[in-house]
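Take a look at the structure below.
The values are calculated or read from the model by the stated rules, or taken from the named source; none is laboratory data. Please read all numbers here as calculations on a predicted model, not as lab measurements. Cβ sites come from the backbone with ideal geometry, for glycine too, and all protein chains shown count toward neighbours.
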């Protein structure tokens, strides 16, 4: 069987603006002792093994060493509660990397899966602003960074990243993440956004 999903993504981590891990394709350590990151995805169109997953959202919460290629990541998966069990199982397979695709490249780095949970997820894209609210414990908003006198935001091009090889640099205006026994606040830190299109 095959699958394809496409939509929009944004992330927020605790690095000083902007995260050197993403800038250098994971070759440079984070600016903090640990990397605390949330990656948020909204699928505009998608089908996994014949199951329609359009309109659903998934977030990945991770705690990793400063040099992310060292492995030993701790990861939890959040899927919106509007997904049926069949849809949630398929989404978990794709976003955990078990069904191949870009996330499979990160799977060898994961030491511990903290859980897969379903919660209400409100995901919004409004021009260059991106927001996710997950239950009562997660609220993140970022805004793409556009220099003064320019109309287009600043982008990184040619990077190794599961979401896209081109990332837009963003600034988090609000960030509170509490999930899987982890809690971090990344307002004013690092963020990126991009469209994504995966298949396998």
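Numbers below:
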item: Any strands (runs of 3 or more DSSP E) falling wholly within region 126-200 and containing at least 2 residues that are crowded, with 19+ Cβ neighbours inside 10 Å and either modelled with pLDDT under 95 or under 16 Å from the mean Cα position of the chain (by Cα) (or both); result: 129-134, 138-144, 166-179, 190-199
item: Residue within region 11-23 that is crowded, with 16+ Cβ neighbours inside 10 Å and free of Cβ contacts under 8 Å to residues at least 60 places away in the same chain present; result: yes
item: Hits in region 1-36 (condition: closer than 13 Å to residue 64 by Cα, in contact with a helix residue (DSSP H, G or I) (Cβ under 8 Å, 6 or more places away or on another chain) and part of a loop (DSSP other than H, G, I, E, B)); result: 15, 26, 29, 30, 31
item: Unmet requirement for residue 123, which otherwise passes all of (1) within 20 Å of residue 61 (Cα to Cα); (2) at pLDDT below 95; result: (2)
item: Yes/no for residue 75 being within 14 Å of the chain's Cα centre (by Cα) and touching a residue at least 40 places away in the same chain (Cβ under 8 Å); result: no
item: Condition check for residue 64: free of Cβ contacts under 8 Å to residues at least 60 places away in the same chain, closer than 25 Å to residue 131 by Cβ and touching a strand residue (DSSP E or B) at 6+ places or on another chain (Cβ under 9 Å); result: yes
item: Tally of residues being outside any strand (DSSP E or B) and touching a strand residue (DSSP E or B) at 6+ places or on another chain (Cβ under 8 Å) across region 37-51; result: 1
item: Residue in region 76-113 that is nearest to residue 163 (Cα to Cα), counting only those that are modelled with pLDDT under 95 and in a strand (DSSP E or B); result: 110
item: Condition broken by residue 54, with the remaining ones in (1) modelled with pLDDT of 95 or more; (2) in a helix (DSSP H, G or I) satisfied; result: (2)
item: Conditions (1) over 17 Å from residue 162 (Cβ atoms); (2) surrounded by 17 or more Cβ atoms within 10 Å (Cβ to Cβ): number failed by residue 1; result: (2)
